[in-house]
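What follows draws every value from the coordinates through simple rules; no lab data is involved. What you see is a predicted model, and the numbers here were worked out from it, not measured in a lab. We place every Cβ from the backbone using ideal geometry, glycine too, and count neighbours over all the protein chains shown.
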Amino acid sequence: MDRLTRSGLLAVGLLVLQAVALAPTPARAEEFGGNDLRDIRLGMAATELAETGYVDFYCATDPKRTLAGWKDWRDCPAGASGIRAIRFGYDPSTSRDGTMVAGHPAILTLLMDDSGHVAGLQIETDPKARLYIRKKAFLLGLQARSRYGPEGWTCSEGQPEAGDQPVGGVYLRERCTKTVSGRSLIVERNLFRRPDQDIKSFVDETRIRISRARD
């Protein structure tokens, strides 16, 4: 293993240890009153969504079906629950670094219900981002949990699957959930190497789902 690779893995290991040390413990739930992403908030009508600041609209289930904007949400096919999934990005004129969430390159999906209201959001770290940025992807999960309040989370740790290996001495398969202010939150963080991945390749990601809580 070359020196650069060893130092990179060590850096990942140190970041993980810092993240674990800062991870909050479950306690009472808090209230949340802000937007969920930029100026987007659960429950907003499609007509309330900003017409500027966002680009590259297309249907998540059919990437070839592009949209002119939020107003075309009906053009995306509805799932069994009536939800339509729309992928989108940030306009470069409003975000010089591209589509980034808390400093992490991200893939964004807005979920629209059949009445034309925002039913949810999905935020995933971009697996195609450059390694020096992507190796910190698991930290976005901690940032999301902090944004919605450090207390009241219920977290579980998954066990390694056959052949999986830790990265920088750390194996992470974490799933945290919380309900706050009418929102159901799921934050998943993964950091490990699959058996078929080489020394410079590994799974390092955060997936966030924000949806309306069921009564």
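Numbers at a glance
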item: Relative contact order for segment 72-171, counting Cα pairs under 8 Å that sit 6 or more residues apart, in percent; result: 18
item: Positive-end extreme of charge dipole, the chain - chosen from Gly168, Pro105, Ala137 (charges on Cβ); result: Gly168
item: GNM flexibility winner over the chain from Arg87, Arg189, Arg147 (Cα, springs under 10 Å); result: Arg147
item: Under 29 Å from the Cα of Lys200 - lysines, other chains or at least 8 residues apart; result: Lys128, Lys135, Lys136
item: Tilt relative to the chain, helix 3-22 - C-alpha long axis, 0 to 90 degrees, to 10; result: 60
item: Relative contact order (%) - criterion: Cα under 8 Å, at least six apart; region: the chain; result: 21
item: Label point distance in nm, Ser146-Ala68, each placed 7 Å from Cα along Cα→Cβ; result: 4.2
item: Most fluctuating residue given options Ala137, Ala68, Ala119, as computed from a GNM of the chain linking Cα atoms under 10 Å; result: Ala68
item: Loop-resident sites, segment 100-192, for GluC sites (Glu not before Pro), counting at most 11 other Cβ within 10 Å (DSSP); result: Glu161
item: Cα gyration tensor shape of segment 55-142, rounded if a/c is under 1.5, else prolate or oblate by comparing a/b with b/c; result: prolate
